[in-house]
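Since the structure comes first, as structure tokens, the remarks are kept for the end.
Values in this text are rule-based calculations from the coordinates and carry no lab data. Computed from a predicted model, the values in this text were never measured in an experiment. Positions of Cβ are backbone-derived with ideal geometry, glycine not excepted, and every protein chain shown enters the neighbour counts.
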Amino acid sequence: MADTSLKEKLSSAVKDAMRSKDKDRLVTLRMAQAAVKQIEVDERRELTDDDVLKVLDKMLKQRRDAAAQYDDAGRGELADKERSEMVIIEEFMPAALSEDDLDALIRETINATGASGMQDMGNVMNELKPQVLGRVDMGHLSKKVRAALAG
């Protein structure tokens, strides 16, 4: 594999942040590295790029939720901190899917699975998840699939 792995990119970014003395970036990147390492230690295995993407995706979701809660509580400075962490994490995610591409992918998957209604939602989501991991918010995907299956 000629491409550097996501873990190597993360490690390299940590070193760059240390060199440039970018504390906020360094803290966020180390948090991501620690989350990856924790799973490797717990499961006693080396994580693949897909596994690392899942970890980063989960971190993004946590920050998205936290930012919304801070906004609701009137704590703008904390919400801004969460959003700045999201920007750093997103650098390691694949390019987001456009709405048109996502709609096309949903239609293809519904046709391929033979889904005909809401009872098939789980099958469609299971097929789509690996294809869109890190490229679309799962809540958004779920709403779009539900709408497509509903009619």
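Remarks
- Spin-label model, LEU133 to GLU91: label points 7 Å out along the Cα-to-beta-carbon direction sit 2.3 nm apart.
- Derived scalar couplings ³J(HN,Hα) [region 59-71; Karplus, 6.51 cos²θ - 1.76 cosθ + 1.60; whole Hz; x for Gly, Pro]: 5, 4, 4, 4, 5, 4, 5, 5, 4, 5, 5, 5, 4
- Spin-label model distance (nm) - LYS58 vs ASP72, 7 Å beyond Cα toward Cβ: 2.3
- Computed from label points 7 Å out along Cα-Cβ, the spacing between MET125 and GLU8 is 3.6 nm.
- Whole-Hz Karplus values for region 43-55 come out as 9, 6, 8, 7, 7, 7, 4, 4, 5, 5, 4, 4, 4 Hz, taken residue by residue from phi with 6.51 cos²θ - 1.76 cosθ + 1.60 and θ = phi - 60°; glycine and proline positions read x.
- Stretch in the chain that is longest and holds no GluC sites (Glu not before Pro) that DSSP places in a loop and that have at most 14 other beta carbons within 10 Å: 92-151
- Principal-axis tilt of helix 138-150 within the chain, Cα atoms, nearest 10 degrees: 10
- Evaluated over the Cα positions of region 6-90, the convex hull gives a direction-averaged projected area, one quarter of its surface, of 5.6 nm².
- Between 0 and 90°, nearest 10: helix 76-90 axis offset from the chain longest Cα axis: 80
- Förster radius 41 Å - calculated FRET efficiency between SER84 and SER116, Cβ distance, rounded to 0.05: 0.40
- Nearest-20 debye value, region 99-150 charge dipole, Cβ charges on Lys, Arg, Asp, Glu: 180
- Once exposed loop trypsin sites (Lys or Arg not before Pro) are cut out (DSSP; at most 16 other Cβ, 10 Å), longest piece of the chain: 76-151
- Here the sum of -39500 (n - 2.57) over DSSP H runs of 4 or more residues, divided by the residues of the chain, equals -25000 deg cm²/dmol at 222 nm, to the nearest 500.
- Within the same chain, lysines fewer than 8 places from LYS61 are excluded, and of the rest, those with a Cα less than 20 Å from its Cα are LYS7, LYS37, LYS81, LYS129, LYS143, LYS144.
- Translational D in µm²/s for region 99-150 (Stokes-Einstein at 37 °C, 0.692 mPa s, Kirkwood Rh from C-alpha pairs): 307
- Cα convex hull, region 47-109: 110 Å³ per residue, rounded to a whole number.
- Distant alpha-carbon pairs in the chain (separation over 21 angstrom), percent: 55
- Förster radius 22 Å - calculated FRET efficiency between ALA147 and ASP65, Cβ distance, rounded to 0.05: 0.45
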